[in-house]
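Reviewing the structure listed below.
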Amino acid sequence: MTPSTTRPLALVTGASSGIGLELAKQLAENGYDLVVNAEDERLDRAAAALDAGSDASVLPVRADLRTAAGVARLHDAVRATGRPLEVAALNAGVGRGGAFLDIDVDDEIGIIELNVISTVRLAKLVLTDMAARKEGRVLVTSSIASTMPGTYQAVYNASKSFLQSFTEAVAEELRDSGVTVTALMPGPTETDFFHRADMDDTAVGTSGKDDPAQVAGQGLKAMEAGDGKVVAGSVSTKASGVANAVLPDTVKAVIHKFMARPGSAD
């Protein structure tokens with residue numbers, strides 16, 4: 001589509017599949033033009049589908065956000081549109097299951113680089129622009145995993161705990177600034193996350209999962225309302241969020257072990 005001069009502009013990272021693709025679809029349906037990002041070849045297909053399925057203008061930007069250069073390239077592409085960024089959905093993330101001592105350290109560092117460092121870098125850039133205009137909304141995909149020690153997903157859960165704390169702190173700093181920051185906290189969702197994380201043989205990997213469209217819709221609703229955070233998904237996921245608020249960490253670590261231990265699906 002030809003870029004609009006009237007539709008607001010939204011950025012979605014991790015937009016080639018899963019929750020990110022659903023966020024992009026619903027933003028397009030709600031009147032936004034899009035800049036969409038991922039590092040894999042599926043992005044072009046996703047962008048073409050988004051473009052064909054809506055009146056939105058869709059600009060795909062393939063960039064590896066694990067690098068500072070990739071983050072800068074994406075932000076430069078947003079600024080090159082010459083349009084203010086109204087919404088940024090910082091959704092890109094990756095996980096890896098297994099015992100900490102069994103996983104290659106470079107894989108673990110890659111989780112930190114994408115989930116944590118890239119989000120901080122990109123949030124710094126987009127929030128600086130928004131704060132200068134005194135308007136804008138940011139949605140950060142955290143996880144219900146942020147509320148529990150991640151036995152057999154130690155680095156992933158820790159990365160989400162960082163994001164949760166970071167998002168809530170920045171949201172408070174920006175209170176009354178005209179800019180809002182919301183943490184989206186999904187539970188297990190029907191995406192390719194568990195397959196890519198090498199968790200197909202785990203209890204959580206083979207369990208029933210939430211609809212990514214439902215998760216995305218609840219996240220965007222919370223973002224539009226300016227809420228600080230939302231546990232998104234099914235009733236059971238929301239119940240887990242309530243339980244995690246009161247259970248001791250030692251208990252949650254044991255529960256997570258039985259969910260994520262390799263071979264636990266047997």
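The values are calculated or read from the model by the stated rules, or taken from the named source; none is laboratory data. All figures in this text were calculated on a predicted structure; none of them were measured in a lab. Note: ideal-geometry Cβ built from the backbone for every residue, glycine included; neighbour counts use all protein chains shown. These accessible areas exclude ligands, DNA and RNA; they are computed on the full protein's heavy atoms, side chains included. Shrake-Rupley method; radii C 1.70, N 1.55, O 1.52, S 1.80 Å.
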Could I get the Rg over Rh figure for the stretch 1-124? Both from C-alpha atoms, Rh via Kirkwood, rounded to two places.
1.01
Counting only DSSP beta bridges with both residues in the stretch 10-122, tell me the antiparallel percent, nearest 5.
0
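Taking the solvent-accessible surface of protein heavy atoms with a 1.4 Å probe, what is the per residue accessible area of the stretch 194-266 in Å²?
I get 52 Å² per residue for this part.
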Among the GluC sites (Glu not before Pro) in the stretch 8-41, which ones are in a DSSP loop with at most 12 other Cβ atoms within 10 Å of the Cβ? Mind listing them?
Glu41
Calculate the tail of P(r) for the chain: the fraction of all Cα-Cα distances greater than 34 Å, expressed in %.
14
Regarding the stretch 71-134, what's the average projected area of the Cα-atom convex hull, expressed in nm²?
5.0
Using the Cα centre of the stretch 150-266 as origin and beta-carbon charges of +1 (Lys, Arg) and -1 (Asp, Glu), tell me which of Ala158, Gly219, Thr182 is placed farthest towards the positive end of the dipole.
Ala158
Summed residue charge, Cβ within 9 Å of Phe194's Cβ, Lys/Arg positive, Asp/Glu negative
-1
Nearest-20 debye value, the chain charge dipole, Cβ charges on Lys, Arg, Asp, Glu
620
Ignoring ligands, DNA and RNA, what percent of the 1.4 Å accessible area of the chain is carbon and sulfur?
55
Please list, in order along the stretch 250-266, the HN-Hα scalar couplings obtained from phi with the Karplus expression 6.51 cos²θ - 1.76 cosθ + 1.60 (θ = phi - 60°), rounded to whole Hz, x for Gly and Pro.
4, 5, 5, 5, 5, 4, 5, 4, 6, 7, 10, 4, x, x, 6, 6, 6
Show the residues, 5+ positions off or on another chain, whose built amide H is closer than 5 Å to the amide H of Thr189.
Asp210
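How large is the charge dipole for the stretch 164-234, taken about the Cα centre, if only the Cβ atoms of Lys, Arg (+1) and Asp, Glu (-1) carry charge, to the nearest 20 debye?
The dipole magnitude comes to about 140 debye.
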To check my understanding: the extent here is largest minus smallest coordinate of the Cα atoms along each principal axis. What are those three numbers for the stretch 201-266, in Å, largest first?
41, 27, 15
Scan around Gly136 for amide H atoms under 5 Å from its own, H built in the peptide plane at 1.01 Å from N, and keep only partners 5 or more places away or cross-chain.
Thr180
Output ³J(HN,Hα) for the stretch 37-51: one whole-Hz value per residue in order, computed from phi by the Karplus curve 6.51 cos²θ - 1.76 cosθ + 1.60 with θ = phi - 60°, and x for Gly and Pro.
10, 6, 9, 9, 5, 5, 4, 4, 5, 4, 5, 5, 5, 5, 5
What's the magnitude of the charge dipole for the stretch 137-266 around its Cα centre, counting Lys and Arg as +1 and Asp and Glu as -1 at the beta-carbon? Answer in Debye, nearest 20.
200
Residue by residue through the stretch 91-106, which ³J(HN,Hα) values in whole Hz follow from phi under the Karplus form 6.51 cos²θ - 1.76 cosθ + 1.60 (θ = phi - 60°), with glycine and proline marked x?
10, 4, x, 8, x, 8, x, x, 5, 3, 6, 9, 9, 4, 4, 5
Rounded to the nearest 500, what is the 222 nm mean residue ellipticity of the chain from helices alone, with -39500 (n - 2.57) per DSSP H run of 4+ residues and division by all residues?
-14000 deg cm²/dmol
Would you mind checking which residues have amide H under 5 Å from Leu59's amide H? H placed 1.01 Å from N; only 5 or more apart, or other chain.
Leu34, Val35, Val36
